[in-house]
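Take a look at the structure below.
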Amino acid sequence: MEESTSREKVLKKVRHALIEKTEPPYPIIDQESPVFKEITEPLDVNFAQELVKVSGKFVYCESEDEFTTLLKQFILEKDWPVLFCLDPVVQKLLKEAGIPYGSKQEEFLESKIGITRCEYLIARLGSVMVSSHQSPGRRINVYPEVHLVLGYTSQLVPDLKHALAAIRKRYNHNYPSMISLITGPSRTADIEKTLVLGAHGPRELYIFLIDDQNVHAS
């Protein structure tokens, strides 16, 4: 009987609490105000600055022709081996410019330089968003020692939330099984707190940003 009485007392307090509205003991969190400071620089400038901070390399191109011209210069100056490319759009640009590339699966494990496109470029973070829906798949973003990314100014977004909203709208019900951010070369400081680049992926990351005011990426 005593147990039943105690139970009724607890339930009565619960009912009373549900009926009477009480003010929360802590201030209500403002979830509408922006967390970060507003980006005042143009998106391409902000992206370049943040990319360089994380040891990435930024190359601005006024057109696709300038991109292939600059790429040829990099290949000669840095003595890069044959690029590995599985993206049909990039393959077309390389072929038209006379830049050799490999695309056979058996060549993949020997590839040192991989070139891909991306989904979006996040200005605030200097990060590149990629997904499993892109034609190269998952491996080429992480395996080669040097990763070259071809992006367009139309793919620049201010923040991560804008990139996620855009990719959700783009793929609708066919959402990618993998969405990942690349922020500079692969790095780790697990061993004696010494920073090592290229520990779990590419040791160099180049972003070639093409101004596509008159050119649209596929």
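The values are calculated or read from the model by the stated rules, or taken from the named source; none is laboratory data. Computed from a predicted model, the values in this text were never measured in an experiment. Ideal geometry is used to build each Cβ from the backbone, glycine not excepted, and the neighbour counts take in all protein chains shown.
Yes or no: S33 among the small types (G, A, S) and over 17 Å from L150 (Cβ atoms)? Here the answer is yes, as S33 does meet what is asked. Here F36 clears all of (1) within 20 Å of V128 (Cα to Cα); (2) among the aromatic types (F, W, Y); (3) surrounded by 10 or more Cβ atoms within 10 Å (Cβ to Cβ) except the condition numbered (3).
Residues that are on the phi > 0 side of the Ramachandran plot, modelled with pLDDT under 95 and among the small types (G, A, S) do not occur anywhere in region 85-99.
Kindly provide the set of residues from region 19-51 that are part of a helix (DSSP H, G or I) and modelled with pLDDT under 95, ordered by number.
Kept after step one, since they are part of a helix (DSSP H, G or I), are these residues of region 19-51: 19, 43-51.
Across region 19-51, the qualifying residue is only I19.
Pull up region 149-185, narrow it to residues that are surrounded by 18 or more Cβ atoms within 10 Å (Cβ to Cβ) and more than 13 Å from the chain's Cα centre (by Cα), then point me to the one that is farthest from D87 (Cα to Cα). Filtering first and then ranking leaves T153.
Of the residues contained in region 93-116, one or more are found to be basic (K, R), surrounded by fewer than 20 Cβ atoms within 10 Å (Cβ to Cβ) and assigned to a loop (DSSP other than H, G, I, E, B). Could you look through region 1-18, keep only residues that are small (G, A, S) and at pLDDT below 80, and pick out the one that is nearest to L160 (Cα to Cα)? Going through the qualifying residues, I end up with A17.
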